[in-house]
Structure formats: C-alpha cells, structure tokens
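Engineer: I'd like to ask some things about the structure below.
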Amino acid sequence: MNEEFPMTLIDNRLLDKLLMEAAASNQDSPPTFTPDPNYGEGTPSQEENNYREELLLLLGLLFISVRDIQKGVGTGYQKQSRIQAAIDNWMKDAKTAVDTHLDLNHAAGINAANKMLLDKGINPTGATLRGAYYDVIHQQQLNVESIGRELSDNLRGNLAVMTAEGNYKVSKSAKTRFNLNTYFRRAQTRVDRMATYGSTASYIEGQMSGFYDWQNVLLFDWETAGDKKVCNTCYAYANAGPYTMANFPFIPHPGCRCRMVVSSRVPHDIGMFLPLALATEDLLNQYNQNE
C-alpha cells in the first residue's frame, strides 16, 4: 500500500448503522439501482455519473438473476450454487468496470492538468503515473469483493428462510431480517458510495500525474466550489494554501467537488522558492520562443 495518503479508518458498527439508515425503510420496496442524487456536494461529473450508473446497472442485473433463481426449480443447494456463480460473475464484470471507468476519470484529470499548464504558458511533458493511483484501483476492487462476499453470506440466510416457508411457519422478524430487497438496497448504497469516491480519487490522481514533472517548479491551490455545500475541512484546505505537490491534501470525503489548481501565489518565504520561480520564467521564455 502506498503510504503517501493513509486511508481513514471507520468503525464497522458506525458504517453498518450509516448504511442501514441510508437504505429505504420499506422492506418490500426493491432498490432503484440508480445513483443517489442527494449524495455528495453537488452535480457529479459525467465521468462519475457513468461509472456509478454502470456499476449499479450490473448490480440490478444481479438482483434480477438472484430473484429468478430463488423462484425457480431446484434444491436449496442447487440454487445456492447458481446464486454464487451469479455473484462471482457480477464481481468479475464490476472489476472490469472499475478498471475502465477509473482510467477514464484518471485521463480526465490528466487533461485538466495539461490545460492548466498550457494556460500558464507551460508545455505539458506527459503524465507520470503514481503508485497512489494503483492503490485507488486496488481499493475499489477490494470493495467489489467485500460487497460480493456480504451478498453471498446474506443470501444464504434469505434462501434458507424461503426454503423453510414451504414446511414451517417463519416469523415476521426472520422474513424482515433475511429480505432480498434489504440486502440489495444495502449493496446499492455501498456500490454508489464506492464509485463516488473512486471517481473523485482517480481524477485527483490524474491531475497529480499531469503535474508531476513540474512538482518542484509549481505551487498548487485547493479550489472549492465556493458555495454553501462546501465542508469546513475543504474551506480550511483552501485557506491553508498554496501547497507543494508533496504536501497537497488528499480528498477528505467522497463526493468532494474540490480541485487541484496551479497557484498564482507564492509562500511568505519567497527566497526559498526563488530558484523555482526562475525556472518557471525560463520555461515560459522557452515556450514563447517556440510559439
């Protein structure tokens, strides 16, 4: 694991509570399998929306498959084997979507960095991939596996209740606890949250890759969306800049709309950065001569 940006640990009991509260309260309502429009701080980018939509579409197809298997013919063991195969296929397809869409978000971040460099009169030299980007991909794939394992474990209980109903009187609490819709609403929430985080993280990593060759020349600002939805942490990050590449903060939460931008400011101790300023001026002169 890359140690540049340590992960924030969340207590599992708190996470479970937050996820269950985010799920709809009606046990009989099937999930919508669409991105939550109220999650995050604002309108998501097109790349983020595409990523969330594809992962949730795949989850919706899994839901239909599991529902049909449960209602179909076969012993409990046969059904469980078919359900597990369906979950395995979902995890495989979801991981492919992770690779595809994070690469697109990463490329969008690189393009944004290149545009900012050009606006400053600097000719982009290409992107240098950072290890932290592969950490983001790995984390997203681990999330897919975690969601798949949770569905597998929960659906065993759901199938057991459905099987028992044919021979025994099953309590209402058992039906509620082992409800197919409940499990997939929870999975929908987890998938939507992970995709939101992955989109933002891969985009920022793309920007850092694009700026990498200029990390010892340029300073960077944390730019917020500038409205009432911006959190206090992001406002604090914006006020504490400018930053070098090495000490630029990482996104504090999923759904963050803040961006990394090339700073026009200099630190108070300008003498320390004078060689960098001269390097930038030399580069600008070289760029202008090539125009």
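The values are calculated or read from the model by the stated rules, or taken from the named source; none is laboratory data. All values reported here derive from a predicted model rather than from experimental measurement. Neighbour counts are summed over all protein chains in view; Cβ atoms, including those assigned to glycine, are modelled from backbone coordinates with ideal geometry.
Engineer: Which count do you get for residues in the stretch 115-137 that are over 21 Å from the mean Cα position of the chain (by Cα) and of a type outside the set (G, A, S)? Reasoning before the result, please.
Structural biologist: Taking the stretch 115-137 and keeping what is over 21 Å from the mean Cα position of the chain (by Cα), we get 115-128.
Imposing the further condition that a residue be of a type outside the set (G, A, S) reduces the set to 115-120, 122-125, 128.
Total meeting the criteria: 11.
Engineer: Please state which one of D227, D213 is outside any strand (DSSP E or B), over 22 Å from G126 (Cα atoms) and in contact (Cβ under 8 Å) with a residue 60 or more places away in the chain. Give the derivation first.
Structural biologist: Numbers: D213 fails: over 22 Å from G126 (Cα atoms).
Being outside any strand (DSSP E or B), over 22 Å from G126 (Cα atoms) and in contact (Cβ under 8 Å) with a residue 60 or more places away in the chain holds for just one of D227, D213, which is D227.
Engineer: I've got another one for you. Whether any residue in the stretch 92-107 is part of a helix (DSSP H, G or I) and at pLDDT below 85 is what I want to check. If you could, list the steps in order and put the result at the bottom.
Structural biologist: Residues of the stretch 92-107 part of a helix (DSSP H, G or I): 92-107.
Then keep just the ones that are at pLDDT below 85; that gives none.
Looking through the stretch 92-107, none of the residues is part of a helix (DSSP H, G or I) and at pLDDT below 85.
Engineer: Could I ask something else about it? Can you name the residue in the stretch 233-261 that is β-branched (V, I, T) and assigned to a loop (DSSP other than H, G, I, E, B) and, of all such residues, is surrounded by the fewest Cβ atoms within 10 Å (Cβ to Cβ)? Steps first, please.
Structural biologist: So the first thing to find is which residues in the stretch 233-261 are β-branched (V, I, T), and the list is 233, 244, 251, 261.
Filter again for assigned to a loop (DSSP other than H, G, I, E, B), leaving 244, 251.
On the way: T244: 15, I251: 20.
That would be T244.
Rundown of residues vs (1) crowded, with 21+ Cβ neighbours inside 10 Å; (2) among the acidic types (D, E); (3) farther than 21 Å from E223 by Cα, yes/no style:
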residue: H101; (1), (2), (3): yes, no, yes
residue: A108; (1), (2), (3): no, no, no
residue: A112; (1), (2), (3): no, no, no
residue: D119; (1), (2), (3): no, yes, no
residue: R130; (1), (2), (3): no, no, yes
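Engineer: Separate question: Evaluate the stretch 116-129: report whether one residue or more is in a helix (DSSP H, G or I), modelled with pLDDT of 90 or more and among the aliphatic types (A, V, I, L, M). Can you show your working first?
Structural biologist: So the first thing to find is which residues in the stretch 116-129 are in a helix (DSSP H, G or I), and the list is 116-119.
Still in the list and also modelled with pLDDT of 90 or more: none.
No: zero hits.
Engineer: Another question about this same structure. Report the residue count in the stretch 29-61 for those that are touching a residue at least 40 places away in the same chain (Cβ under 8 Å) and either under 23 Å from Q80 (Cα atoms) or not basic (K, R) (or both). Spell out how you get there, then give the answer.
Structural biologist: Of all residues in the stretch 29-61, those touching a residue at least 40 places away in the same chain (Cβ under 8 Å) come to 29-33, 35-36, 39-42, 44-45, 47-48, 50-52, 54-56, 59.
Those still in the list that are either under 23 Å from Q80 (Cα atoms) or not basic (K, R) (or both) too: 29-33, 35-36, 39-42, 44-45, 47-48, 50-51, 54-56, 59.
Here the count works out to 21.
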